[in-house]
Every structure is written in structure tokens, then in C-alpha cells.
Amino acid sequence: MLMIKNIIKDAGLTFMLGLLFFACSSPGKKDEKSSGQLEQKAQVKTPVFNADSAYHYIDKQVGFGPRVPNTETHAQCALYLESKMKRFGAEVIVQEADVVAFDNTVLKAKNIIAQFNPDKNDRLLLFAHWDSRPFADHDADASKHNSPIDGANDGASGVGVLMEIGRQIGKAGIDMGIDIIFFDAEDYGQPDHLDLPYKEHTWCLGSQYWGKNPHRDGYYARYGILLDMVGAENALFFQELHSLQYAPELNQHVWNIASDIGYGNHFVFEKGGMITDDHVYVNKYRNIPCVNIIQFNASSESSFGDFWHTHDDNMSNINRATLKAVGQTVLETIYRER
Ligand code: AHN
Ligand code: ZN
């Protein structure tokens, strides 16, 4: 009887222990499973873009003086951009290229290529030009046509926004491979005030070179986003026509995200102009679908803004609200990728 009682007791204990084990192990398993699922979907949350920091990076670039190829101030700014991107955690390549300008000047160009997660095959490309224009051919004062401009909006703004995006990627991490390229010698195109016969392909010399000689053999990215003149107050970004041709879905996607997160006031769902810019060559030579976020209003007389290619393209025209709209939209776009 005692033995039977003990057996029953043992069985009870085993049962109790079993229950206890089940109770302990099964939620554990459930946790593992759900955290596994979470891991697959879990993305780092989209970081918050800091417009003050982008503004500061623009001011720093302008502070060097004109970023015209073959000048000392250009070389100093290149070192600054390289060292900042390294500090944000990117692996940086400075691609040096001799390119020939419209007037046969040989420009010692530097494309600055910052790679995040360099070993990942699945990549996104963000780019802007970092050089500034050696002419002010649209300035009302003709005596100043041959002096270089600050290019706070035209050049520095796109770079400043991408630097802040790079800083955020460095802090938060990201699943995708990301390349941020600052192209050189975009804005050395044949000036209007010289009345020379029209010549094609005198703009975007840095991206033309890189397109034919990418930093990695066969370089490819899912898509590319170009930022050009993204810092002016109340800037409107219409849908640029090359972008609509090469990357119609991406164009809608980016504009949808902008309006989703509250920047529909800057991103207009209407056609803009057809603009020869760095994205054309990235598309043409590397076959990467690209969109250009650029201030250009086809129905306004000063389509790129009144201070475009004048000495008024300085810090006084840089606006934090516009930088925020563009920076947060691009960050949201790349953090939604998987
Ligand atoms: C042309 O005017 C042909 N392209 C404009 C590209 C540009 C100049 N972006 C900035 N400055
Ligand atoms: Zn320009």
C-alpha cells in the first residue's frame, strides 16, 4: 500500500514537474519563435533627421571658399568631406580623375565615395555634386560673371543633407548596403554669358567618369536618388522628366513617402522639366534607375530659383524646413527597404 502510495506520489510529482517544465518551457519557445519572426521583420526604426546638423555641414563647405576644381579651397573641402564620412563609419574611396572641361581645361576631379556595409551586395545609392560653379553667368551684374559662386544651394545643400543621412546611418546601423557619392565637376558646364556654340555633355564630368569607371567592377544598386538644390525656402520638387522616364515607380514611391510623412507641401505630383544632371549618366552607364530631387519649376521664369548661378546663392537662402523635408523623406525611403 505504502509503495503504491509512493508510486502515486511520484507520478504526481512527475506530473507536477512536467507541468512546471511545460509552463516554463513553452512560453520560452513562443518567445524564441516570436523574436525570430521579429528579427526577420525588425528594422531599425527610421532615425530622426537633424536639420541643424545638415545646415552646419552646408555652412562648413561654403566656409572653405569656392569648391572649384584645381583650387586649394576645393582640395581642403575634399579632405573635410572624406574625414567626416570616415568618422560616421563609412569606408571611403576618393576616386581621382582627369576630366576635360568645355574650354579644354583639364580638371583634377575627385569623386568621394562613402560606403556603409561595403560587403553587402544589395545596395542603394545616394548622390549629390560637391563642386561649386566657377561662373555666375546668371548674375545681374555682368562684371561678376567670371567669379565663382558660394553654391550654398547649388552643391553644398545636397551634400549637407547626405552628410547628415550618413551620420544617422552610422549611429543607427542599417540592413542594406548604402553608398553615398559626392560627384565632382558637375557644375563646370559651358556658361551662358560666353555665347559659345552649343556643346553637349559639358556638365556632370565627375559622374560621367564614374559611370564609365565605377569604383567597383560592375557596380550596381537597386536604385539611386540624386539631391540637387534642396535647401531653399519653400522649394518645390516637381517630378523631373528623365526620372519619370528611367524610374517612374521609384519616383511615385518617394513622392508618396514624402506626402505620407507630411512633406507634400514640397513634393508636388506634377511634371517638372527635363534636366541634364548626374542621374542621367548613372542611369545611362550603370543602368541604375535614378530619380532627381531638384528644385525646378517649369512654369516659372526663374525655374531653378532666382539666385541660381548668381552670387546670391549663399547661406542666406538656406532653409532648415526644406532640408528637413528632403532629409527625412530620403531616410524614410531607405529605412523602408528590405
Ligand atoms: C543644365 O542646366 C543643363 N543642367 C543643370 C544641372 C545643374 C547645374 N545642377 C546644378 N547646376
Ligand atoms: Zn549649377
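The values are calculated or read from the model by the stated rules, or taken from the named source; none is laboratory data. These numbers were taken from a predicted model, which means no experiment stands behind them. Because the Cβ atoms are built from the backbone with ideal geometry, glycine has one as well, and the counts that use them run over all protein chains shown. Calculation scope for accessible area: heavy atoms of the full protein, side chains included, ligands and nucleic acids excluded. Shrake-Rupley method; radii C 1.70, N 1.55, O 1.52, S 1.80 Å.
Counting helices only, and only those DSSP H runs with n ≥ 4, report the 222 nm mean residue ellipticity of the chain as the sum of -39,500 (n - 2.57) divided by its residues, in deg cm²/dmol to the nearest 500. The partial results should precede the final answer.
Values: 9 runs with 136 residues, N = 338.
Estimated from H runs of four or more residues: -13000 deg cm²/dmol.
How large is the accessible surface per residue of the chain, computed with a 1.4 Å probe and reported in Å² as a whole number?
Values: 15890 Å² over 338 residues.
Dividing the accessible area of the chain by its residue count gives 47 Å².
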For residue 316 and residue 198, compute 0.36 nm times the residue count separating them, minus their Cα-Cα distance, and round to one decimal in nm. 39.2 nm
Ignoring ligands, DNA and RNA, please state the percent of accessible area on the stretch 120-163 from carbon and sulfur, probe 1.4 Å. 46 percent
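With both partners inside the chain, how many of the DSSP beta bridges are antiparallel, as a percent to the nearest 5?
Numbers: 16 of 34 bridges.
Around 45 percent of the beta bridges assigned by DSSP in the chain are antiparallel ones.
Considering Cα pairs under 8 angstrom that are at least six residues apart, work out the relative contact order of the chain and quote it in whole percent. It would help to have the intermediate numbers written out before the result.
On the way: 664 pairs, mean separation 71.9, N = 338.
Result for the chain is 21 percent.
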For the stretch 232-338, the percent of accessible surface on carbon and sulfur atoms (probe 1.4 angstrom, ligands and nucleic acids excluded) is 44 percent
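If you average 1/r across every pair of different Cα atoms in the chain and take the reciprocal, what Kirkwood value do you get, in Å? Spell out each step's value before the answer.
Working: mean 1/r = 0.0463 Å⁻¹.
When all Cα pairs of the chain are included, the Kirkwood radius is 21.6 Å.
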Segment residue 241-residue 171, length gained on full extension (0.36 nm per residue, minus Cα span): 21.7 nm
Which of the GluC sites (Glu not before Pro) found in the stretch 117-201 are in a DSSP loop and have at most 13 neighbouring Cβ atoms, other than their own, within 10 Å? 200
Determine the principal axes of the Cα atoms in the stretch 180-338, then give the extent along each, sorted from largest to smallest and rounded to whole angstroms. 45, 41, 26
